[in-house]
Amino acid sequence: MNIADVQIVSILPQTLLLAAALVVFLADLVWKDRKGIGLLALAGVLATFVATVVMLAGPGVPTFQHMAAADRFALVISLVMSAAAVLAVLVSLDYIVRVDLPAGEYYGLLLLAASGMMFLGAATHLMTLFLSLEILSIALYALAGIRTTDIRAGEAALKYFLLGAFASAFLLYGMALLYGATGTTSLAGIAAAVPSVQTDPMLIAGLALLLIGFAFKVAAVPFHMWTPDVYQGAPSSVTAFMSVGAKAAGFAALVRVLVAVFPTLYAWWVWPVGVLAVLTMTWGNLAALAQGNVKRMLAYSSIAHAGYILVGVAAGEAGVSGVLFYLMAYALMNIGAFAVLIALERAEEDAAGVELERMRGLFHRRPWLAAAMTVFMFSLAGMPPLAGFFGKLYVFSAAVRSGLLVLAIIGVINSVISAYYYLRVVARMALAAPAEEAEPARCPALTIGTGIAAVGTVLLGIYPTWLLNLVQGTLAVLFGG
Amino acid sequence: MDWIDALLIPAIKSLVVIVVLLLAFAYMTYVERKLVGRFVRRYGPNRAGPFGLLQPIADAFKAIFKEEVIPTEVDKWLYVICPGIAVAGSLIVFGVIPVGDSFMAWGRKITMVVADVNVGVLYVVAMAGLGLYGIFLGGWASNNNFSLLGALRSTAQVITYELPMGLAIASIATITGSLRFGDIIAAQKTLPLIILQPVGFLVYFISGMAEINRSPFDMPETENELVSGYSTEYGGIKFAIYFMAEYINMIVMSILVATLFLGGWQGPFAHLSPLLQLVWLVVKAAVVLFVFIWVRASIPRVRYDKWMKFGWKFLVPLGLANLAVTAVVVALVA
Amino acid sequence: MDAIRYLLILSAVLFSIGAAGVLIRRNALVIFMCIEIMLNAVNLTFIALSRQLQSLDGQIFVFMVMAVAAAEVAIGLGIIVSIFRHKPTTDVDDVSLLKG
Amino acid sequence: MTATPLETVLFIAFGAVAIAGALSVILARHAVYSALGMLVNFVALAAMYIMLSAEFLGIAQLIVYAGAIVVLFLFALMLIGGRRPAEQGRLTGGLAAAGSALVVVFLAEIAYLVMRLTGTAGAKGTVTPDVIAQLGHIQLLGATLLLEYILPFELASVLLLVGIVGAVMLARARRQSRQE
């Protein structure tokens, strides 16, 4: 193996994002226009999106020295990430001026975090996996605390940081034990070695520690305690991006490790993952019922959704395409919901998120905004024919096919429970408007962002097949060519 | 007989190094006071013994027989051991620097270095970082705001100037292809590195002066603003030990400069006798020491914030550029 | 006892001490130090295994972990300092405005 | 891997020091002593690395952890309130007990697993201490790092960039809102 094997094309989307981040940092030194810098970042993420689409359409590209693959799985994750990043930048353009955040650092870190997420989706080596996970985590710690004038943001950042670093240590210990058990740190190598060492105690311990680490990172119960506080305290645009991006990246890595590397140990990991899924769904939904703050409610709802996705992970190979579909749907609907919150949020009093009461009468004041919110809430609740419904459908049906009927049933029950608190938001919007309510922000970029998310959520529900075709059979080439 | 090579000889070497460094320290204070005196047209010490030569011994007696005072509010444990940490940190660095090639004695080949580590240069950087704790924690343990400020400044300064220093060392490693002192000295057989690396030398020299807290960069002390900084609460023998650490640091730094950039113990006819090699090294180090003292006597103390800015915004980029140019040239030549 | 076992147990002990510290201490800085202890314990595992398996992967991993630790320390201390600007405390229990 | 008696003694000594350091991190009443415990732990581990023929990493451990990370911790401590030797960070009763119990279970598990370890797990590589001595540790490590592991290496540099930007942004005193 030598330097000539370096295939820069296989990490093209990530590299584009890194380049865009550097451009943003440099532009920030000489250019004080925050919108302008935002537009630069937007150009960067759009280029990444286009590159990903082109790569998905084109012939397969080789792996990067066994370190990172550009297989369909990685590219679909890149697609989710770049879509999420485009939406996140769109909703931020106006928001960061309103709440007075430093543009260069904000967009730069956002782009770096996105590139870390894409690297995580593409990682085929424990080292790449660990480093990209840390890139995205550390960038998100900083983004969570970016509003340094607000102690709640600082608190969110501190909690996120301490628990994230704690989780990283477990993850790393797991990796060390896997290395010890198999003598290699490349996923392909580990996958090849697993059948011969099967139930080596070191291997099982490593797998368990790895699971704990990932459970922290994707906010699965009982490793979720940081999530509500962090999601509530961080600036809303950051929360929108982090709830989608970090989750998708974490699941991407989890799926690649569990399904592609440890298929022979399926019996060992299916039950822990299943139990995590049940706990996560149930706890997330029950806690969300009690929330009066919409931002915090969405935080618990994101825990619940992590639970649904875990059902797909537990389904093993059959669940991979469902998980990918779910991640895409969740990216659209969740960022969309946050976009509406951002429009409603007023800089001074809403630093910790919009209270449910503030949703009152939105239908009368801003019918389109309210309509978009309704779409997102219905989709999050899993109503047909929206994206969220098909996400759940594929995930649960995969579980049934893998013989995990119990998980699917618990998932459906949970969806029914969750409908209550999502519909509560819609009902509140339909009520009469109070007289003194301030006008929600109007900004073209925010409108476009919300619009794209809403249209995407609907389209993905009406024509789920195109994405389904894309995500199907990714596992066959999980390690690239 | 194995234990002789493994334990006895290094132990003897260490002992020799420590004794020599302690003596050198004593007379370094004398030389410095004499020289600074001459620079400002004074006589310097001239009372104790001929030409004041017994002055260091008188000073030593004074320090030892002073009353031991431990202020009531200090963190006693740390307060007492910190001077020791500082001096240990400066002594231990010397262990990997060769002062000559090797000679035969009692049928054994004896190399003129305590331990020939193949990451010797990095070892020096690491140990210098550990010696810092002596000042840092001593300033903290004193329970005095001036001391704490001095300690913080010292830490910030050392961390800042460790970077350009590391960059200069990286340039050397790029040229010589090794981090072992023996190899670096051997690479300078025909041409000392100061010719090939003038910028690197400058960067290293300046950061070296900052590392050892020499005036005009003695930020941890600054009598006029921090009332001698970290050592405010120290007196008697403990102060003398801090003082000793500072001077030994200075001597070691001069030998490092001589070894990394001036060809070390090599010189005309050096291969004839190990003694001559030692002499060459001492001569080179003495020149560097003279420059240190000269700078101290000539340049007023810089302002702290400007000095930090200089490090980050000038010296680090300069070191980086130097490393980049060096790497490109080495790649083209090779 | 095999040296490798001794080293693995040692690193497990260190890791556990660090984990215990994270759970029982309330000072953000000390919690953070405990996390560093955990990372170092893992580094020891890697290096011991690297020697045992005669491969460099473990050592390179440690190199990467050091980079990660450096970046984490920078960010973590930055966060703690930025909180301290508002409220002079490092006790994690004193910083709890978000409840629900 | 077999160890000579001298090595064994040193291993045990450094191991004991490392454990003592780690324990004093979690038990020290004052955070500065915790930091010192951490320093002791790091130095003992560095010595172990050097004995395990990873001398570059041993030195890097001293430079990065002992020379920079602990110093940064102390720096933050002193910025934040180093002059108050009061107790900061008490132990919390119930949680402490639960945490300790959890950790004891975890430890027992790991010890059990290690004890069950049969011989050497995994395939042996080719990088024996002899090879390392012959090729030079740094040379070997450098070549591997920059040829085989170039992507992680670059990712590490991206990571450091993130760290630098984030830390500067967070720790910087916020100036007045910049001009639009």
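Could you let me know the centre-to-centre spacing of the range D:23-71 and the range A:278-342, using Cα atoms, in angstrom?
Between the Cα centre of the range D:23-71 and that of the range A:278-342, the gap is 41 Å.
Let me know the mean shielding of D:8-17 by other chains, meaning the per-residue number of their Cβ atoms within 10 Å of its Cβ.
2
Can you pull out the buried accessible area for chains D and B, both sides counted, probe 1.4 Å, rounded to the nearest 100 Å²?
Answer for the D-B pair: about 2200 Å² buried.
Tell me, what ³J(HN,Hα) does each residue in the range B:177-190 have, in order and in whole Hz, if you take phi through Karplus 6.51 cos²θ - 1.76 cosθ + 1.60 with θ = phi - 60° and put x for Gly and Pro?
x, 7, 10, 8, 4, x, 5, 5, 5, 4, 5, 9, 4, 9
Just want the answer: with Cβ charges of +1 for Lys and Arg and -1 for Asp and Glu, which residue in A:414, A:385, A:398 is farthest toward the dipole's positive end in the range A:372-458?
Ranked along the dipole, the leading option is A:398.
Please report the accessible area of residue B:306 (heavy atoms, 1.4 Å probe, ligands and nucleic acids excluded) in Å², nearest 10.
Ignoring ligands and nucleic acids, residue B:306 comes out at about 120 Å².
Averaged over its residues, how many other protein chain Cβ atoms are within 10 Å of peptide A:108-119's Cβ atoms? It would help to have the intermediate numbers written out before the result.
Numbers: counts 5, 5, 0, 0, 6, 1, 0, 3, 4, 0, 0, 3.
Other-chain Cβ atoms within 10 Å of each residue's Cβ, averaged: 2.
Accessible area per residue, 1.4 Å probe, Å², for the protein assembly as shown: what's the number?
36
Could you please put B:181, D:75 in sequence from largest to smallest accessible area, using a 1.4 Å probe?
On the way: B:181 0, D:75 45 Å².
Accessible-area ranking of B:181, D:75, largest first: D:75, B:181.
Got a sec to turn the phi values of the range B:16-29 into Karplus ³J(HN,Hα) couplings, 6.51 cos²θ - 1.76 cosθ + 1.60 with θ = phi - 60°, whole Hz, x for Gly and Pro?
So the Karplus estimates, Gly and Pro as x, are 4, 4, 5, 4, 4, 5, 5, 4, 4, 4, 4, 7, 4, 4 Hz.
Considering only DSSP states other than H, G, I, E and B, which trypsin sites (Lys or Arg not before Pro) in the range A:289-385 qualify as loop sites with at most 15 other Cβ atoms within 10 Å?
Of the trypsin sites (Lys or Arg not before Pro), the ones in loops of the range A:289-385 whose Cβ has at most 15 other Cβ atoms within 10 Å are A:346.
Show B:96, A:23 ordered by accessible area, largest first, where the area counts protein heavy atoms only and the probe is 1.4 Å.
A:23, B:96
Shape verdict for the range C:26-89, please, from the Cα gyration tensor: rounded (a/c under 1.5), prolate (a/b greater than b/c) or oblate.
oblate
Would you kindly derive the ³J(HN,Hα) couplings of the range B:144-152 from the backbone phi angles with the Karplus curve 6.51 cos²θ - 1.76 cosθ + 1.60 (θ = phi - 60°), listing them in order in whole Hz, with x for Gly and Pro?
3J(HN,Hα) across the range B:144-152, in whole Hz: 9, 4, 5, 4, 5, 4, x, 5, 5.
Determine how large the accessible area of residue B:233 is when every protein chain is in place; take a 1.4 Å probe and give Å² rounded to the nearest 10.
Spelled out: residue B:233, probe radius 1.4 Å, area about 50 Å².
How do B:287-294, B:36-43, B:131-138, D:149-156 rank on mean C-beta neighbours within 10 Å, highest first?
B:131-138, D:149-156, B:287-294, B:36-43
Ignoring everything except DSSP H segments at least 4 long, calculate the 222 nm mean residue ellipticity for chain A; use -39,500 (n - 2.57) per segment, divide by total residues, nearest 500.
Mean residue ellipticity at 222 nm (helix-derived): -25000 deg cm²/dmol.
Which angle between 0 and 90 degrees, to the nearest 10, do you get for helix A:236-255 versus the longest principal axis of chain A when only C-alpha atoms count?
Orientation of helix A:236-255: about 20 degrees from the principal axis.
For A:142-151, what's the mean count of beta carbons from other chains sitting within 10 Å of each residue's beta carbon?
Whole-number average of other-chain Cβ neighbours for A:142-151 is 6.
So for the range A:7-476, Kirkwood radius off the Cα pairs, Stokes-Einstein at 37 °C and 0.692 mPa s: how many µm² s⁻¹? The partial results should precede the final answer.
Details: Rh = 21.8 Å.
Once the numbers are plugged in, D ends up at 150 µm²/s.
Which distance in Å, rounded to a whole number, links the C-alpha centroids of the range A:1-79 and the range A:375-402?
30
If a/c stays under 1.5 just call it rounded; otherwise compare a/b with b/c (prolate if a/b is bigger, oblate if not). Do that for the range B:96-212, with a ≥ b ≥ c from the square roots of the Cα gyration tensor eigenvalues.
oblate
Report the net charge of residues surrounding residue A:288, where surrounding means a beta-carbon distance below 13 angstrom and charges are Lys +1, Arg +1, Asp -1, Glu -1.
+3
With charges only on Cβ, +1 for K and R and -1 for D and E, what is the dipole size of the protein assembly as shown about its Cα centre, in debye, rounded to 20?
It comes to approximately 1360 debye.
Would you calculate a helix-derived [θ] at 222 nm for chain B, using -39,500 (n - 2.57) for each DSSP H run of n ≥ 4 and dividing by the full residue count, to the nearest 500?
-22000 deg cm²/dmol
Rounded, prolate or oblate for the range A:290-335? Axes are the square roots of the Cα gyration tensor eigenvalues, ordered a ≥ b ≥ c, and the cut-off for rounded is a/c under 1.5.
The shape class here is oblate.
Can you give the net charge of the other residues whose Cβ lies under 12 Å from the Cβ of residue B:289, counting K and R as +1 and D and E as -1? Walk me through the numbers on the way to the answer.
Working: positive: B:214, B:284, B:296; negative: B:32.
Residues near residue B:289 contribute +2 overall.
Using the Kirkwood formula over every pair of different C-alpha atoms, what hydrodynamic radius in Å results for the protein assembly as shown?
So the Kirkwood estimate lands at 31.0 Å.
What do you get for the angle between helix A:126-144 and the principal long axis of chain A? Use alpha-carbon atoms, 0 to 90 degrees, nearest ten.
20
Heavy-atom accessible area of residue A:66 with all protein chains present, probe 1.4 Å, nearest 10 Å²?
100
Tell me, what is the percent relative contact order of chain A, built from C-alpha pairs under 8 Å that lie six or more residues apart?
Relative contact order comes out at 17 percent.
Sorting check: for B:152-162, B:23-33, B:45-55, which peptide has the highest mean count of neighbouring beta carbons within 10 Å, and how do the rest follow? Each step should come with its number before you reach the end.
Working: B:152-162: 22.1, B:23-33: 17.5, B:45-55: 14.5.
By packing density, highest mean first, the sequence is B:152-162, B:23-33, B:45-55.
Under 5 Å between amide H atoms, partner at least 5 residues away or on a different chain: which partners does residue A:355 have, H built in plane at 1.01 Å?
A:294
Cα axis of helix A:103-122 to longest principal axis of chain A: angle in degrees, 0 to 90, nearest 10?
Between the helix axis and the principal axis of chain A, the angle is about 30 degrees.
Where does the charge balance sit around residue D:73 when Lys and Arg score +1, Asp and Glu -1, over other residues with C-beta under 15 Å from its C-beta? Working shown, then result.
Working: positive: C:25; negative: C:36, C:72.
Around residue D:73, the surrounding residues sum to -1.
The values are calculated or read from the model by the stated rules, or taken from the named source; none is laboratory data. Keep in mind it's a predicted model, so treat the numbers as computed, not measured. Quick reminder, even Gly has a Cβ in these numbers, built from the backbone with ideal geometry, and neighbours come from all protein chains shown. Accessible surface is based on the protein model in full, side chains and every heavy atom, while ligands, DNA and RNA are left aside. Shrake-Rupley method; radii C 1.70, N 1.55, O 1.52, S 1.80 Å.
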